[in-house]
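Heads up, the thing below is written out as structure tokens.
The values are calculated or read from the model by the stated rules, or taken from the named source; none is laboratory data. As the structure is a computational prediction, the values presented were derived from the model and not from experiment. Cβ sites come from the backbone with ideal geometry, for glycine too, and all protein chains shown count toward neighbours. The protein model used for the area step is the full one, side chains on, heavy atoms only, and it has no ligands, DNA or RNA in it. Shrake-Rupley method; radii C 1.70, N 1.55, O 1.52, S 1.80 Å.
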Amino acid sequence: MVDLSSARQQQVLAPTPLLKQLPPAARLVLRGRSQVLAAAADALGLPRSETPCRAVRSDVRAALWLGPDERLLLGSADAAAEMHGLLQRALAGMAHSLVDIGHGQVGFEVSGARAALALNTGCPLDLDPASFPPDMCTRTVFAKAQILLWRTGATTFRLETARSFAPYVTQILALAGRES
Amino acid sequence: MLLIECPYCGVRPELEFVYGGQAHVARPHDPAACSDEQWAEFLYWRENAKGVHAERWRHTHGCGRFFNALRDTTRDQFLATYRVGERPPAASSREREPQP
Ligand SMILES: [Zn+2]
């Protein structure tokens, strides 16, 4: 597929120690029953996992639990077609839905000792590592926007939001970063 | 902030949820055989409970799933939440005291 959006892959913000925009990525939303999710994990070389609100990953790919029958599959931007092919072969004949949302949302990395504090200015979840440990991921809200939040490390989060919400989310986060 | 326990994700802030109306409203098996009154009752007639009410909620900004809840409408207190297809929890668990 021709990437018509590449012309408008504008940088939403200049990177700061707190917040930086991640490069474009392959994003596929897969929905199906357990055997579909297991077959997809096998095909992509990811561990099978049904644990709610947890991400599993390999060197190049990740599967994020979005719901009991829903996973967000992440990879590098140039691997989208390859992932699509692997999944279509592995899931042939099984009822499922596979949607490419790669251009629909943008990813950011929020990191540093004050990352959780800055996120909590707009997100009501308890981000203490005891209740939101590394590898936990979930859809939630940030101020008025829906986001996907994934704790990728002790003080590092990956935040994904709809492209149109990105300026809103990042401007509030940048403000929080200055204040916190 | 009111906390609601999603049966899949655990305890989450109310902001992430939307209300989905009364639970356990069964669609008639054969709508064509219903009288106008029966069909209108299915479509429009709902309880207006003062007390424990079984209702649907959706974890919109979370796992996206619908689930059911027992809520005391006089105190806006959630007594239990359970997955679609499960029966409402027994009366004993409905008698919980208000949380401090
Ligand atoms: Zn949920």
(message) What's the total number of residues in segment B:60-91 that are part of a loop (DSSP other than H, G, I, E, B), in contact (Cβ under 8 Å) with a residue 12 or more places away in the chain, within 16 Å of the ligand (Cβ to nearest atom) and of a type outside the set (Lys, Arg)?
(response) 6
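Each row is one residue, and each column tells you yes or no for (1) surrounded by 19 or more Cβ atoms within 10 Å (Cβ to Cβ); (2) among the charged types (D, E, K, R).
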site	(1), (2)
A:Ala115	yes, no
A:Leu119	yes, no
A:Ser131	no, no
A:Arg139	yes, yes
A:Arg151	yes, yes
A:Ala154	no, no
A:Phe157	yes, no
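Go through segment B:7-42 and give me each residue that's more than 16 Å from the ligand (Cβ to nearest atom) and under 17 Å from the mean Cα position of the chain (by Cα).
Listed by number, the residues that qualify are B:Gly21, B:Gln22, B:Ala23, B:His24, B:Val25, B:Ala26, B:Arg27, B:Phe42.
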(request) For residues that are away from every other protein chain (no Cβ under 14 Å) and touching a His at 6+ places or on another chain (Cβ under 7 Å), scanning just segment A:31-71, find the one that is nearest to A:Met83 (Cα to Cα). (result) A:Val36
(request) Please work out which residue is nearest to the other protein chains (Cβ to nearest Cβ), limiting yourself to segment B:1-17 and to residues that are open to solvent by 70 Å² or more (accessible area, probe 1.4 Å) and outside any loop (DSSP other than H, G, I, E, B). (result) B:Leu15
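Does B:Ala54 qualify as being modelled with pLDDT under 95, surrounded by 14 or more Cβ atoms within 10 Å (Cβ to Cβ) and more than 14 Å from every other protein chain (Cβ to nearest Cβ)?
Values: modelled with pLDDT under 95: no; surrounded by 14 or more Cβ atoms within 10 Å (Cβ to Cβ): yes; more than 14 Å from every other protein chain (Cβ to nearest Cβ): yes.
Answer is no for this residue.
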(request) Output the residues belonging to segment A:92-151 that are free of Cβ contacts under 8 Å to residues at least 40 places away in the same chain and more than 14 Å from chain B (Cβ to nearest Cβ). (result) A:Ala92, A:Gly93, A:Pro129, A:Pro134, A:Arg151
(message) Anything in segment A:52-70 that is open to solvent by 20 Å² or more (accessible area, probe 1.4 Å) and farther than 11 Å from B:Tyr8 by Cβ? List them, or say none.
(response) A:Arg54, A:Val56, A:Arg57, A:Ser58, A:Asp59, A:Val60, A:Arg61
